[in-house]
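Q: One structure follows; several queries about it will come next.
The values are calculated or read from the model by the stated rules, or taken from the named source; none is laboratory data. The structure displayed is predicted, hence computed values, not measured ones. Cβ coordinates were reconstructed from backbone atoms using ideal geometry, including for glycine residues, and neighbour counts include every protein chain displayed.
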Amino acid sequence: MALQKKFGAFMFFKILLGLITFQLSLASVTDDNFKEDLLITPLENGFVNSYFKFTTEWNTGLPLERLHYNLFPKSLGQVIRKHQVQELHLSLTQGLWRHDKWGYPPAGAPPGTQLWVWFTEETRDVDQAWGDLVNALSGLFCASLNFIDETNTVKPELSFRPQGIASEAYARNTSLLRYASLPREVVCTENLTPWKKLLPCDSKAGLASLFKADKLYNAHYHSLAVDLRPVCRSGETPCVESAVELTQSLTVVFRPLVQSQQGPRQDVSLRALFGKVLSGPCPMASSSRVMVDLSKNHSSNPLTLSPPPSETIIKSTGERSIVYAVYDVKEWSARKETLNVALRWTQALKYGPVDSPPLLAYRYLSGYGQEKGGVSCLLRNNLDQPLKVIYTETIPWYMRLYLHTLQIRTGDKTIEPDNVVYVPGRDRSNPYMLEVVLTLPATSDTTLRIDFDKAFLRWTEYPPDANIGFFINSAIVSVMLPRASNISGAGIIGTAVSDVNMASSFFLRLYTEPLLIQLPTPDFSMPYNVICLACTVVAIGFGSLHNLTTRKFDFVDKSSSDGGNLVTRLLAKFRKKKDDGGKEGGGDGKEEKKKEQTGDEGSIQNSGDNDVDT
Amino acid sequence: MGLLTDTRTQAVMSRVILAIHKPLEVLLYIAGVASLLVLAFTPLNEKTYFSENALLPGLVERKYLNDQSVKDYAKELTRLGAADNGKGPIPEDWLKAQFMDLGLDVFSQNFTVQHPFNVKAKGTQESGAVSGTNVYAILRAPRIASTEAIVITVPYRNKEAEAGRARTHYGIGLMLSLASFFSKNTFWSKDIIFVVVDKEEVGMQAWLAGYHDSHSEYLPTSLMLGRSGSIIAAINLELGSEFTDHIDLKIEGVNGQLPNMDLFNLAVRLCRVERVPVTFQNRFDPSERIVVKWAGLQHSATTMLLNMAKQASGKPSGIHGLFLRYHIEALTLQAHPAKRGSGVEAVGRVMEGVVRSVNNLLERFHQSFFFYVLPSCERYVSIGLYMIPFGLLLVVPTLRGMALWLLAMQSVEKMDTSSDEKDNDEKEDGDKKKKLELEQQGRPFGQVMPLIIGAHIMGAILFISPQYLVSEHIASFNVTPQGAIAIGFAAFFVGSASLPIFGRRNNFQTSEDLPSDWQLLKCLTLIWYTVTLLAVSMFNFSLAFFVAVPTIPIAVIVQPAEQSVLKIIQGFLLLMISPLSLLYSFITVHHGFFNPGDAMVDILTQGLHKTVDSLFEGVVNAYLYGNKSFALITLVWFPVWFLLWAVLFRKASGKKVSS
């Protein structure tokens, strides 16, 4: 009995324990983690980049099955669940990241809107899911993503790989990938508001409280991004279970110049940049940090920080080191102090040439006129070793590319591409896609050029502001750079900026300039005139010409038909007389001869025949 | 629908044409010329207006405030330009440093333009190539991804290049000062490119070709790193002094292309707002007092004719003219120096206003007119108005062509009837058959077509001749390329003109037993001439008009003459309208207009020199800038002239008729 009792108690405890452990495990499963970081990077010539990064990690598998949300935004989670998204990368950008002046961005994005999505293997109809997803996202972010349709969607085979954990077989199955870009759809406040609503604290607390639209959009570059991918659960070295990582990032480049006696000064502070200071972290955040990149602190014009940072992280890659000054916002709020990080240089700004990053791309239009043209891209390899790059173009159907015109030249030498993937476009259904794998020789300028013809659009296909031209997507240059030098923000892939992996080589995606082309555009301001003129010309010109060219003319013997009528005879006589007079008036100078002739053959019938001839 | 097929109306029409075409032609010709000139009269044309509302001209408060820095820049430039006795190259390093100090992206473009004939031309080095360096800086607009741009150009002129051209050191100073001012503002929605152009047109062309990556064999590729997007508009500034008497606006481009009229209106409006006097063709607008009087008409008509003369020349009136070919609206603001007047600041504010207005644009210039002539800054004559007088003018040769077409048929008939006189009895039976034959045999195309084709082949030979005339054999003769071209053309011309005179009878004169074909030949020539004039008027109205006015009456009256006096008179008139002499007369008249005090002989000889030069220039421009005038003259108008010349030497009529 006692045993029974003991057993019963044991069972009770076991159940209790089980319940507790279950609760614990449930808690650990719902456990999600939120981090916020701000990285301020002073750039050359007075520019300052501020990179906000908000990371939410949720220990759950993909596709999302759970219905209970904690920190992870439910509105986005439902969309992802519904449309079976494995990875999602969305960016909304205004302005162009100037690689030659600013180095490489912490998170690259083309001007305009870019969206690329990997769907799960279970997705039955990827195109359908893609179509529904863009419409859902369009509503979620108040962006015109619904303009993404089959005419601007491509499936790149080489340049986009899953960024999260994925099996090799999955990563090769590009039928699950969709990529689209809208170069004209720029970002503004109406996109910022829904974007910051995805954050656990919105913009009410934490780093996001610095967001003030008038400051953020008065910048040289502004890029909002949302990236979702499956990752390994943090702390697990062999990857057993996956987690979902949502990264929301905002990159803003300012040029906060202040005129002074010695020249322009680029001193910055949080208050100067954002019009606010930091009063505290987001309470939900496990870590909240402000960092300043001091890697490019020249000894000639050193920069001082106030207040002094709580710690300094130094990471060395051998030839150069990355130095971050870190402020823990939690620490400051514990001290009940506001944080206003200020960077002050000892001297005024001196403009000068900038060190070139290892790989640069400049894209431009070749030729002029409304008939044809070429897209050229100059790829500059500054490294002393060859670089293998993937060059990707997505061209709308109304620019008819000719693959045989693809030319890749370094100086006078033609370079053979290692691989070319080309998907020809079809009118009004799908765009042209060109992916070229090529090896750039060491320290060289390589020009890639492909020619196109401009198509005529139907008159209803022109947008209302047709004369601005048509925007063409940025080209994408993907490369594995051998050294992690010259990255302005680093932290491209690492979950937080400070955790950046200083691996010997890293992957980089460069976005070039978008292009603006002019298609032959009708003069819409005077359609009425044009229609009237065209109809008149057709009616008169075509009608009579058609008549003349399709009829056979022959002579009719008038005398046999009805030459006898008195009236017609009189008329004919009258005509004949006038005819003679006309000839005299014509001043031929051969009057005598003519009279003689007409006298000879002066019968009514003949003159009637003459009428027919003349 | 019966208009063309009903034989009766045809007959009536042909009789009417034959009856009244001569008086009608005289009337139409006079009406055409007079009505075009009268269009310059203010009550008959229209006031300019802004068609593109997005420009919002002069609406923003212009804030440019700078005086001293421009003066300093100009002084420094004068000092730098004086080095090497004013023969030094463009101060590239200094310019780059200045732009760099403003925080702009600075680039330079080295260019070498091969001279088409690889010979030493005016103002070039021994190699025959022109090389120079353009310095340019790009102000990146914060809000766009470098998809659109506005260009401000100033030609660099050191002392050597200044001959005949105003200095521009204040222009460069003002450009730098504007760049500094612009870079402090964030409202730019288009990149602004500041270009200091070396070697005038050649440098501008090199820059444009480099920017658009469109190279030719004369413009070798040069690597160009700094680019922006498509250029919306370009403003060329020529400012050589601190004070400006007035700003002259220049619009004419290569092949007589004009910028969109909105841009011109914009410049006029901003000059007015800033109280800078503004002129067109260096002529102020007629004052209110005289505007509706005879003097007003005279004034406006002269301005309009000067505008048309420049357009007809096909040469750009400033370096802005090269932009137009790339569908970039462009004009030149040329400030005329004075001891006192509008200061640099006013000119700077005009520039600021123009650039900011263009910056407001959402779409490219497309609203206003691209085809127009201007009798003053505030009035315009659009294509819809000026084509009517020109149409009247073109009816003249068309009418004569139609009349000749009818006459050509009659002369064939006459030939036939006269030869059939003997068998008068069979006549009625064979009448129908004969008519049918005639209809099939038709007008004597077989006789005239070889001549027409031959004339055009000669034109084509003339077109390709410059390379052979100059490059191959110039070394053997002691002549300049200018001379070689002029002498070569003159020789070719004399040779071809003498062909009908000394040529074999059956080639150039109708043989005895064939019907006379001069009517048909002339008819086809006139129709072809009309068609070409109409086509040319579509892109360079002024050129077509200036060619049409003197040539049409002579082309219409030329016909074979039996009497030698008539023949000589006609021959003289035809020689007067030959391409070479027309060119000479235009240039002489133009020269005479601007130098009214000179002696007649001086004007005539100066005209000759200028003709020789401009002939050469025309050929070179055809190769370098795609100027079409040379092609037009050689491929179209020379053959037409030659055919008219051949008409004169054809037999007046068939054997029997003439006897």
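Q: Within the range A:326-337, is there a residue that is surrounded by 14 or more Cβ atoms within 10 Å (Cβ to Cβ) and in contact with a helix residue (DSSP H, G or I) (Cβ under 6 Å, 6 or more places away or on another chain)? Reasoning before the result, please.
A: Quick first cut of the range A:326-337, residues surrounded by 14 or more Cβ atoms within 10 Å (Cβ to Cβ) only: A:326-333, A:337.
Retained after the next criterion (residues that are in contact with a helix residue (DSSP H, G or I) (Cβ under 6 Å, 6 or more places away or on another chain)): none.
No, the range A:326-337 contains no residue that is surrounded by 14 or more Cβ atoms within 10 Å (Cβ to Cβ) and in contact with a helix residue (DSSP H, G or I) (Cβ under 6 Å, 6 or more places away or on another chain).
Q: What single numbered condition from (1) under 19 Å from the mean Cα position of the chain (by Cα); (2) surrounded by fewer than 18 Cβ atoms within 10 Å (Cβ to Cβ); (3) of a type outside the set (V, I, T) fails to hold for A:R426?
A: The number of the failed condition is (1).
Q: Sticking with this structure for a sec: In the set A:E157, A:E185, which member is touching a Phe, Trp or Tyr at 6+ places or on another chain (Cβ under 8 Å) and among the charged types (D, E, K, R)? Break it down stepwise before answering.
A: Values: A:E157 fails: touching a Phe, Trp or Tyr at 6+ places or on another chain (Cβ under 8 Å).
When all the criteria are applied, what remains is A:E185.
Q: Return yes or no: is A:D202 acidic (D, E), under 22 Å from A:T93 (Cα atoms), in a loop (DSSP other than H, G, I, E, B) and over 23 Å from the mean Cα position of the chain (by Cα)?
A: For A:D202, the condition - acidic (D, E), under 22 Å from A:T93 (Cα atoms), in a loop (DSSP other than H, G, I, E, B) and over 23 Å from the mean Cα position of the chain (by Cα) - is met.
Q: Could you please tell me which pairs satisfy a Cβ distance under 7 Å, a separation of 6+ or placement on different chains, a first residue in the range B:157-173 that is over 14 Å from B:I319 (Cα atoms), and a second residue that is part of a helix (DSSP H, G or I) and modelled with pLDDT under 75?
A: Close Cβ pairs satisfying both conditions: B:N158/B:G86; B:K159/B:G86; B:E160/B:G86.
Q: Enumerate the pairs (first residue in the range B:211-236 and in contact (Cβ under 8 Å) with a residue 12 or more places away in the chain; second residue anywhere and aromatic (F, W, Y) and assigned to a loop (DSSP other than H, G, I, E, B)) with beta-carbon separation below 8 Å, excluding pairs fewer than 6 apart on the same chain, so at least 6 apart or on different chains.
A: Filtered contacts from the range B:211-236: B:H212/A:Y368; B:I231/B:F323; B:I232/B:F365; B:A233/B:F365; B:A234/B:F323.
Q: Right, here's the next one. Can you tell me which residue among A:L349, A:L378 is in contact (Cβ under 8 Å) with a residue 60 or more places away in the chain, within 14 Å of chain B (Cβ to nearest Cβ) and assigned to a strand (DSSP E or B)?
A: A:L378
Q: Of the numbered conditions (1) surrounded by fewer than 17 Cβ atoms within 10 Å (Cβ to Cβ); (2) out of contact with any helix residue (DSSP H, G or I) (no Cβ under 7 Å at 6 or more places or on another chain); (3) farther than 19 Å from A:V437 by Cβ, A:S175 satisfies every one except a single condition; which is it?
A: Evaluating A:S175 over (1) surrounded by fewer than 17 Cβ atoms within 10 Å (Cβ to Cβ); (2) out of contact with any helix residue (DSSP H, G or I) (no Cβ under 7 Å at 6 or more places or on another chain); (3) farther than 19 Å from A:V437 by Cβ leaves (2) as the failure.
Q: Kindly establish whether B:G592 is touching a His at 6+ places or on another chain (Cβ under 6 Å) and either β-branched (V, I, T) or in a helix (DSSP H, G or I) (or both).
A: Values: touching a His at 6+ places or on another chain (Cβ under 6 Å): no; either β-branched (V, I, T) or in a helix (DSSP H, G or I) (or both): yes.
Considered against the rule, which asks whether it is touching a His at 6+ places or on another chain (Cβ under 6 Å) and either β-branched (V, I, T) or in a helix (DSSP H, G or I) (or both), B:G592 comes out as no.
Q: Run A:G164 past the list (1) within 28 Å of A:R233 (Cβ to Cβ); (2) out of contact with any Asp or Glu (no Cβ under 9 Å at 6 or more places or on another chain); (3) outside any helix (DSSP H, G or I) and report the number of the one that doesn't hold.
A: (2)
Q: Let me ask something else. Just to be sure I understand, how many residues within the range B:217-272 are within 24 Å of B:N110 (Cα to Cα) and polar (S, T, N, Q)?
A: Total meeting the criteria: 5.
Q: Output yes when any residue across the range B:319-330 is closer than 22 Å to B:V358 by Cα, in the same structural domain as B:L361 (by TED's automatic domain parsing), in contact with a His (Cβ under 8 Å, 6 or more places away or on another chain) and buried (at least 21 other Cβ atoms within 10 Å of the Cβ), and no when none is.
A: yes
Q: Name, by its number, the condition in (1) more than 14 Å from chain B (Cβ to nearest Cβ); (2) in a helix (DSSP H, G or I) that does not hold for A:K101.
A: Looking at each condition in turn, A:K101 falls short on (1).
Q: Within the range B:14-22, identify whether any single residue is assigned to a loop (DSSP other than H, G, I, E, B), touching a residue at least 24 places away in the same chain (Cβ under 8 Å), surrounded by fewer than 21 Cβ atoms within 10 Å (Cβ to Cβ) and within 14 Å of chain A (Cβ to nearest Cβ), and answer yes or no.
A: No, the range B:14-22 contains no residue that is assigned to a loop (DSSP other than H, G, I, E, B), touching a residue at least 24 places away in the same chain (Cβ under 8 Å), surrounded by fewer than 21 Cβ atoms within 10 Å (Cβ to Cβ) and within 14 Å of chain A (Cβ to nearest Cβ).
Q: Also: Considering only the range B:143-156, how many residues are over 19 Å from B:F323 (Cβ atoms) and crowded, with 23+ Cβ neighbours inside 10 Å? Walk me through how you get there before you give the answer.
A: At the first step, the residues of the range B:143-156 found to be over 19 Å from B:F323 (Cβ atoms) are B:143-145.
Pick out the ones that are also crowded, with 23+ Cβ neighbours inside 10 Å and you get B:145.
Looking only at that region, the number is 1.
Q: Here's something else I'd like to know. Quick check, is B:R364 over 24 Å from the mean Cα position of the chain (by Cα) and more than 14 Å from chain A (Cβ to nearest Cβ)?
A: Working: over 24 Å from the mean Cα position of the chain (by Cα): yes; more than 14 Å from chain A (Cβ to nearest Cβ): no.
Taking the combined requirement at face value, the residue does not satisfy it.
Q: For the range A:413-432, which residues satisfy the criterion of being within 15 Å of A:L403 (Cα to Cα) and in contact (Cβ under 8 Å) with a residue 60 or more places away in the chain?
A: A:N419, A:V421, A:V423, A:P431
Q: Another question, then. Does the range A:159-174 contain at least one residue that is of a type outside the set (D, E, K, R) and within 14 Å of chain B (Cβ to nearest Cβ)?
A: So far as the range A:159-174 goes, no, none of its residues is of a type outside the set (D, E, K, R) and within 14 Å of chain B (Cβ to nearest Cβ).
Q: In the range A:347-384, which residue that is of a type in the set (S, T, N, Q) and under 25 Å from the mean Cα position of the chain (by Cα) is surrounded by the most Cβ atoms within 10 Å (Cβ to Cβ)? Write out each step before concluding.
A: Kept after step one, since they are of a type in the set (S, T, N, Q), are these residues of the range A:347-384: A:347, A:356, A:366, A:370, A:376, A:381-382.
Pick out the ones that are also under 25 Å from the mean Cα position of the chain (by Cα) and you get A:356, A:366, A:370, A:376, A:381.
On the way: A:S356: 14, A:S366: 18, A:Q370: 13, A:S376: 19, A:N381: 22.
For the range A:347-384, the residue satisfying everything is A:N381.
Q: Exactly one of these conditions fails for A:V79: (1) within 14 Å of chain B (Cβ to nearest Cβ); (2) over 17 Å from A:S478 (Cα atoms). Give me its number.
A: Failing condition for A:V79: (1).
Q: When you scan the range B:74-105, how many residues do you find that are closer than 15 Å to B:Y156 by Cβ, within 14 Å of chain A (Cβ to nearest Cβ) and free of Cβ contacts under 8 Å to residues at least 60 places away in the same chain?
A: Here the count works out to 2.
Q: Let me ask something else. Have a look at B:A622, B:A599, B:A646 and point out the one that is of a type in the set (A, V, I, L, M, F, W, C), without any contact (Cβ under 8 Å) to a residue 24 or more places away in the chain, crowded, with 19+ Cβ neighbours inside 10 Å and out of contact with any strand residue (DSSP E or B) (no Cβ under 6 Å at 6 or more places or on another chain). Step through it out loud before you land on a result.
A: Working: B:A599 fails: crowded, with 19+ Cβ neighbours inside 10 Å; B:A646 fails: without any contact (Cβ under 8 Å) to a residue 24 or more places away in the chain.
Just one listed residue meets the conditions, B:A622.
Q: Are any residues in the range B:203-223 within 9 Å of chain A (Cβ to nearest Cβ) and surrounded by fewer than 21 Cβ atoms within 10 Å (Cβ to Cβ), and if so, which ones?
A: B:D213, B:S214, B:L223
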